[in-house]
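The values are calculated or read from the model by the stated rules, or taken from the named source; none is laboratory data. For clarity, every value in this text was computed on a predicted model and none was experimentally measured. Cβ coordinates were reconstructed from backbone atoms using ideal geometry, including for glycine residues, and neighbour counts include every protein chain displayed.
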Amino acid sequence: MSYAIEFTNPEEITPIDLPDASAPGPGQALVRTHRMGICGTDLSCYLGKFPFFAYPRTPGHELGLQVIAVGENVTNVKAGDKCSLEPYVNDPTTIASQRGHSNACPHVQVIGVHKSGGLRKSNWLVPAHKLHPGNELSYDELALVETLAIGYHAVKRGNPQPGETVMVIGAGPIGLACLEFLKLMDLKTIVLDFAQNRLDFCKDKLGIHHQLQPQQDGSHLQEIEKITSSGFCDVIIDATGHAGSMVQCFEYAAVGARIVYVGITAQDITFPQAPCFHRRELSVIASRNAHPADFPEIIQIIQDKKINLQNWITHRLDISEVPTEFDKFTDPATGAIKAVITVND
């Protein structure tokens, strides 16, 4: 038996023992978790605010893993490989999966959310085809690939073109992931966030020149108008998951703009149909999870040194510290950009 973490109830963490899994069956891989990134989903699950999470459950879906053994018919990875996990386990027989929307399959089960994940010291089993090898990367980097994949997919959904202006609202991990890929493109980029430390990070580490804080008097709208020469934003990616922000962002949209919701809210959203949505002929797009092909592309981008993920990691903790230290990451005052858990050295 080995040490593991369980979210037993909202705001209740229990250390538990989990046995090592048996040998992998056909199509499976036996893996060991080395690093886990803490994301907004993990915090929402801990707080009891995530709609698809049931207790008790072992979290962990942003993972840097090592392959211990593989079962029959596994050819994409081998024992000893360092991998990132694509945690979205879809049903390949559904129409959505067959049409290339495995990320939105109606029966998708996210490892670490719908089923128990990798915050455990014991070896465990995953579908081998959901592993993406990156032997040139560190386990830290591999653990952050899934966060990057969410942002990568959102940027693709917005489909920004050279010369366009893109706004990212919310400079948390998903918003930062979007910005990492946007900075590689020929685009004017604006980031909007309440937290000055995150805006400073965007300027100092990502080179994003236009950072704004929302103002109650709406004066930030005038700044957006000035930055864009009254054209406003061609693509808006809202990564907040805040219903108010997801409505207000219509004010920032250019004629013909694409608004991408990558954040999730359980609230209904109402927006100004005639003066904004219809008059400006806007498109509202959802972005959910990521596609399998996104993972190797991102791993290659990191390997090519186009993204420096060491900038992201501001906090570290050991798996043994999770019961006492995890709660502090629910407080924005902690100042975490990204916290990474060492599960196995």
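Descriptive notes on the structure:
- Counting the residues of the stretch 1-44 that are of a type in the set (G, A, S), touching a residue at least 60 places away in the same chain (Cβ under 8 Å) and either within 22 Å of P323 (Cα to Cα) or crowded, with 19+ Cβ neighbours inside 10 Å (or both) gives 5.
Yes/no per residue for (1) modelled with pLDDT under 95; (2) of a type in the set (V, I, T); (3) more than 30 Å from V145 (Cα to Cα); (4) not assigned by TED's automatic domain parsing to the domain that holds S102:
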| site | (1), (2), (3), (4) |
| --- | --- |
| S219 | yes, no, yes, yes |
| I237 | no, yes, no, yes |
| G256 | no, no, yes, yes |
| V260 | no, yes, no, yes |
| P275 | yes, no, yes, yes |
| I299 | no, yes, no, yes |
| Q303 | no, no, no, yes |
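- When V126, V77, V155, V70 are checked against the criterion of being within 30 Å of R258 (Cα to Cα) and either more than 20 Å from the chain's Cα centre (by Cα) or not acidic (D, E) (or both), a single residue qualifies: V155.
- Qualifying residue in the stretch 197-208 (condition: under 21 Å from the mean Cα position of the chain (by Cα) and among the polar types (S, T, N, Q)): yes
- Any hit, the stretch 86-103, residues being polar (S, T, N, Q) and within 15 Å of the chain's Cα centre (by Cα): yes
- Scanning the stretch 47-63 for residues that are surrounded by fewer than 23 Cβ atoms within 10 Å (Cβ to Cβ) and not aliphatic (A, V, I, L, M) returns G48, K49, F50, P51, F52, F53, Y55, P56, R57, T58.
- Residue check for Q211: in contact with a helix residue (DSSP H, G or I) (Cβ under 6 Å, 6 or more places away or on another chain), surrounded by fewer than 20 Cβ atoms within 10 Å (Cβ to Cβ) and not in a loop (DSSP other than H, G, I, E, B): yes
- Of V343, V322, all but one fail to be at negative phi, in contact with a His (Cβ under 7 Å, 6 or more places away or on another chain) and either in contact (Cβ under 8 Å) with a residue 24 or more places away in the chain or surrounded by 15 or more Cβ atoms within 10 Å (Cβ to Cβ) (or both); the exception is V343.
- Top-ranked residue in the stretch 288-318 [being among the aliphatic types (A, V, I, L, M) and outside any strand (DSSP E or B); ranked as nearest to M36 (Cα to Cα)]: L309
- Residue in the stretch 203-212 that is in contact with a Pro (Cβ under 9 Å, 6 or more places away or on another chain), of a type outside the set (A, V, I, L, M, F, W, C) and touching a residue at least 40 places away in the same chain (Cβ under 8 Å) present: no
- Here the stretch 78-124 is the region considered, the condition is being under 19 Å from T33 (Cα atoms) and among the acidic types (D, E), and the residue that is surrounded by the most Cβ atoms within 10 Å (Cβ to Cβ) is E86.
- Entry remark, the stretch 185-203: residues being touching a strand residue (DSSP E or B) at 6+ places or on another chain (Cβ under 8 Å), in a loop (DSSP other than H, G, I, E, B) and farther than 21 Å from S230 by Cβ number 1 in total.
- Scan of the stretch 221-240 for residues that are aliphatic (A, V, I, L, M), in contact with an Asp or Glu (Cβ under 8 Å, 6 or more places away or on another chain) and touching a residue at least 60 places away in the same chain (Cβ under 8 Å), ordered by number: V235
- The set of residues in the stretch 325-335 that are in contact with a helix residue (DSSP H, G or I) (Cβ under 8 Å, 6 or more places away or on another chain) and in contact (Cβ under 8 Å) with a residue 24 or more places away in the chain comprises F326, D327, F329, T330, G335.
- Of all residues in the stretch 268-319, those being among the hydroxyl-bearing types (S, T, Y) and more than 21 Å from P173 (Cβ to Cβ) number 2.
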